[in-house]
Amino acid sequence: MEPSTEAGLSQPVRRSGRKAAVPRSPATLPVALPPRRAPKRKTSQLDLTADSATPGSPYLQNGTVSARLRLQERNVSASTSRINTRFVGPKPSLIATLHLHRVSSASFLASHTNGTAPYVALASAVLNPTPNNGASNTVPAAQVELRTAQIAAAIPNKKRKTTRASPKSRLNPSPPLVDTRPLPWGDPQVWAETRTDLCESLPYFKQNQGATSYLNGIVRGMLQDHDGGERSLLEEELVITRCSGGLGMDDNGETRQVSDQDANAASIACFSNNMHSKQPLILILGSNNKQCPAKVPHRYCVMAPFHVTDVWDEKSYGKIAVKVRLEKTDLQHKSWWAAENSCLSLGTREVTKVKAQRSTCVTCHQERPQIYVEGWVCLNRNCTSFWILDGREIPHGFKLTYNPVFLAERTIFNGFLPPFLSVPKPIQATGQHDRLFSVTRQCWRGIVCMKCGRCNSRRDWDAWRCQTEGCDFEWELPREIIPASAVMGDLGFGFQGHAICDDEVLDSRIKVTVDQIGFWRVVRYEIMPGMFIIHFLANDVINKKPGGADDIFGILQEGRLRLERQVMKSSVVPDQLTRHFSANIGLPYKYIVGQKESTSFSDAPGVFTEAIRRMTWAAKQVVEDGLQEFNELLAVGYFQGSKMGYHDDGEDTLGPTVTSWSFGGPSAFNFRVKDKLFSGFKAADHKNYDSALPVIGLCYKPEVRKVINQNANGMSQAKLDKVAKDALSGCKKSSTFLKMKLRHGDFMVMHGAEMQKYTEHESVPTDMLRFALTARHVKPEMITQDQHHKGVLDLDPMNSYDGDLELYEEFKRQQARELEAASARRRGASDAIMA
Ligand SMILES: O=C(O)CCC(=O)C(=O)O
């Protein structure tokens, strides 16, 4: 039997944060549309910056917090002089005084994070009337406190243009100044402190930036980290939110609809698919969400499975937005995010009998429930009656209230629940998995701690470890040492004679020469005079020698070097981890990622000193004058599917020669000219041509560029852009000029002072397990004295590597003996025939 309308609520439904609306018959509801938009209240614009205290700032290292805060408004400014404090323990606190000028009253907030611990600066200022006696009105008027908080950087009320929100600004919105919400009823079963941990650990949420995670036409998970825009809500059992898309920032820094949401956007179709195919999705709550009825205990908390009950179009700020209504599938148990004093009772409610009245649009014949108290509205954007109420289009700013009966509706979910409702179990190896299982893509995903429910990315090479202080949960898979032959792809045991070179040269301006040193095939690629890349191709005989590539491949797998995934210094996603694992030996290397402490050569296994010996041999074969000795070694490990994206090794602390040694699976090692250099344009769309950028042979039309640069003097930027755009028409983005295939045991030498300035490289392993050791010269004068001992190497000159020349000599002697024996056999056979 169909449930009756607007009756049957046996228990009052309590909703926090919304005015109680009296349910009335839709037909009798008065509809009062305002004649015109209410004037917008002008809010004070404050701009507080905590400079020198931005993420990664050196001022946040060594336990010292240092910040200078500025508050700016028209005719108003405030600043502190630099404030410093040393902190101990996890909750540093810092009090500083703000000097305010002509401030009437203000309260503001800024925060920053040093990559591990977030800080928030809170300040408030009070009325300071200008003294009548004409004395300076600069007075200490506010106290600034820096303390740890579970929130990311934010600057409220910052004056911004109405533009699309950058991914970064959407990740760092304003949290409430003081969270007065009650504590939650319970605890989330699964939670995370970083977006990377969340996305790497949960099968149903893999979106590093967006809010909706969908696959094969079905939404798997959705993050509620902000409020879902106008008329959105988040309650104990119900969420109404918008499908993402078409959002931007208004003048107050609030996110809102700035363009029509695309009706054909994949995410919208996915929500409809979920609804029609009865597929639930998992909602995740972020700590920036202000609509949750209780305090959010962690940065990200998994809520529960929800199902989609309605999807509709509406208008928000004059633009079309798509809304989705989601109900919790489990109505029997209290939601953990309910307020601790919530009195929504469960159990005996006959909620399914509550149904809002449905009506059909006379124009498009679509049926919908009555969603707003003010009356029934057609919510189909393709209909001419769309967003019409009482014969008029609903004006922007008109306050619509949800029909409480529509909100009270509950639908018994009779679809299938996904298998990952509770805590996803950590990955396990079964008897069917082979020995390579432990280095597959699945094994460097994250896991959920079985003790505290925290999502943890895999950070360590050898195991998963929970990062919650005091939690000792560790998870390890059985591992065995994998021989190189198991990951060498089509080559199996490798070459017995000289290896075949499969490198691809994609720019004919590169000069290629091929040579041979013993068993080593040496291929040289000259980019320009004095700047070259050399590929030393190894073979199976060299690799098998003691101290050779086979031995080192085994030792690297033992895990004594403690390879770790590092936090990337510059990434749109905070706390993003590299896809590869690494550890540094010798002098510290200021790498693109935040390397942990470097191990000294004397503390590292001796085999790494042997590695430096061999890499020094390779570099000496090709660098004619004065090779600067290597004092740093970066070990990098790759599981299946991990890689190192395009970068250069151009830190000013480094010498001009970089040598690497490869182990295990092959890697596509690609080189390209840096994009700006390639075209001369510093911005996309052929804008900001820079005549000062150097022109090398591998640039786009270098001769044309030189002529443009000669004539650039005195030209306006606009004129220069026009001239360059016309002369360099057809110029695309820089592409790979050399694809090197590095195999087990190969060396690669890059040399040239300008090499790292002009070019960049990436490493994309193509099989399951690979390591690379890269040796560099770090200028000791640029490193603090206390680190110098780490780079000291005991390279006995009597013991240096000689390219295994004797192996090749022996191979030639053996070949000669075999030839001699074969011809002796032939001679013997013909003698026998003659006899
Ligand atoms: O050989 C590799 O896999 C990458 C090494 C590399 O590019 C680096 O350490 O900078």
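The values are calculated or read from the model by the stated rules, or taken from the named source; none is laboratory data. None of these values were measured; they are calculated from a predicted model. FYI the Cβ positions are ideal-geometry reconstructions off the backbone, even for glycines, and counts take in every protein chain you see. Please note that ligands, DNA and RNA were not included when accessible areas were found on the heavy atoms of the full protein model with its side chains. Shrake-Rupley method; radii C 1.70, N 1.55, O 1.52, S 1.80 Å.
Values as computed for the structure displayed
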{"read-out": "Failed item in (1) modelled with pLDDT of 85 or more; (2) within 28 Å of PRO280 (Cβ to Cβ); (3) open to solvent by less than 30 Å² (accessible area, probe 1.4 Å), with CYS452 passing the rest", "value": "(3)"}
{"read-out": "Flag if ARG770 is within 13 Å of the ligand (Cβ to nearest atom) and touching a Gly at 6+ places or on another chain (Cβ under 7 Å)", "value": "yes"}
{"read-out": "Meets criteria (farther than 30 Å from MET750 by Cα and charged (D, E, K, R)) for LYS674", "value": "no"}
{"read-out": "Helices (runs of 4 or more DSSP H) (entirely within the stretch 647-745) containing at least 1 residues that are exposed (fewer than 14 other Cβ atoms within 10 Å of the Cβ)", "value": "702-711, 717-727"}
{"read-out": "Matching residues, the stretch 773-800, being open to solvent by 30 Å² or more (accessible area, probe 1.4 Å) and in contact with a Phe, Trp or Tyr (Cβ under 6 Å, 6 or more places away or on another chain)", "value": "LEU793"}
{"read-out": "Among (1) under 27 Å from ILE218 (Cα atoms); (2) out of contact with any helix residue (DSSP H, G or I) (no Cβ under 8 Å at 6 or more places or on another chain); (3) open to solvent by 30 Å² or more (accessible area, probe 1.4 Å), the one test that ILE412 misses", "value": "(2)"}
{"read-out": "Filter pass, ALA753 being open to solvent by 60 Å² or more (accessible area, probe 1.4 Å), in contact (Cβ under 8 Å) with a residue 12 or more places away in the chain and farther than 21 Å from SER508 by Cα", "value": "yes"}
{"read-out": "Enumeration of residues in the stretch 619-643 that are more than 18 Å from SER598 (Cα to Cα) and open to solvent by less than 20 Å² (accessible area, probe 1.4 Å)", "value": "ALA619, VAL622, VAL623, TYR638, PHE639, SER642"}
{"read-out": "Some residue of the stretch 775-788 being within 20 Å of ARG524 (Cβ to Cβ), of a type outside the set (Lys, Arg), in contact (Cβ under 8 Å) with a residue 60 or more places away in the chain and within 16 Å of the ligand (Cβ to nearest atom)", "value": "yes"}
{"read-out": "When residues of the stretch 591-604 are limited to those that are modelled with pLDDT of 90 or more and open to solvent by 30 Å² or more (accessible area, probe 1.4 Å), the one nearest to the ligand (Cβ to nearest atom)", "value": "THR599"}
{"read-out": "Residue check for ASP502: assigned to a loop (DSSP other than H, G, I, E, B) and of a type in the set (Asp, Glu)", "value": "yes"}
{"read-out": "Residues being open to solvent by less than 10 Å² (accessible area, probe 1.4 Å) and either within 23 Å of the chain's Cα centre (by Cα) or at pLDDT below 90 (or both) - total across the stretch 226-245", "value": "2"}
{"read-out": "Where a residue in the stretch 794-808 is closer than 10 Å to ILE517 by Cα and its partner, wherever it lies, is among the aromatic types (Phe, Trp, Tyr), with Cβ under 7 Å and at least six apart", "value": "GLY803/TRP520; GLY803/TRP617; ASP804/PHE519; TYR808/PHE519"}
{"read-out": "Inter-residue pairs, beta-carbon under 6 Å, first open to solvent by 10 Å² or more (accessible area, probe 1.4 Å) and in the stretch 759-772, second more than 8 Å from the ligand (Cβ to nearest atom) and among the aromatic types (Phe, Trp, Tyr), 6+ apart", "value": "GLU760/TYR646; GLU762/TYR646"}
{"read-out": "Single condition ARG392 does not satisfy, out of (1) more than 23 Å from LYS278 (Cα to Cα); (2) in contact with a Cys (Cβ under 6 Å, 6 or more places away or on another chain)", "value": "(2)"}
{"read-out": "Residue in the stretch 777-800 that is assigned to a loop (DSSP other than H, G, I, E, B) and over 30 Å from LEU587 (Cα atoms) present", "value": "no"}
{"read-out": "Residue list for the stretch 746-764, restricted to those being in a loop (DSSP other than H, G, I, E, B) and more than 10 Å from the ligand (Cβ to nearest atom)", "value": "GLY752, ALA753, GLU754"}
{"read-out": "Options SER691, SER662: the member that is among the hydroxyl-bearing types (Ser, Thr, Tyr), over 23 Å from SER571 (Cβ atoms) and more than 15 Å from the ligand (Cβ to nearest atom)", "value": "SER691"}
{"read-out": "Restricting the stretch 226-249 to residues that are in contact with a Phe, Trp or Tyr (Cβ under 8 Å, 6 or more places away or on another chain) and assigned to a loop (DSSP other than H, G, I, E, B), the residue that is nearest to PRO305 (Cα to Cα)", "value": "GLU236"}
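Residue by residue, here is whether (1) closer than 25 Å to GLY397 by Cβ; (2) at pLDDT below 95; (3) outside any strand (DSSP E or B) holds:
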site	(1), (2), (3)
ASP262	yes, yes, yes
ALA269	no, yes, yes
VAL311	yes, no, no
LYS315	yes, yes, no
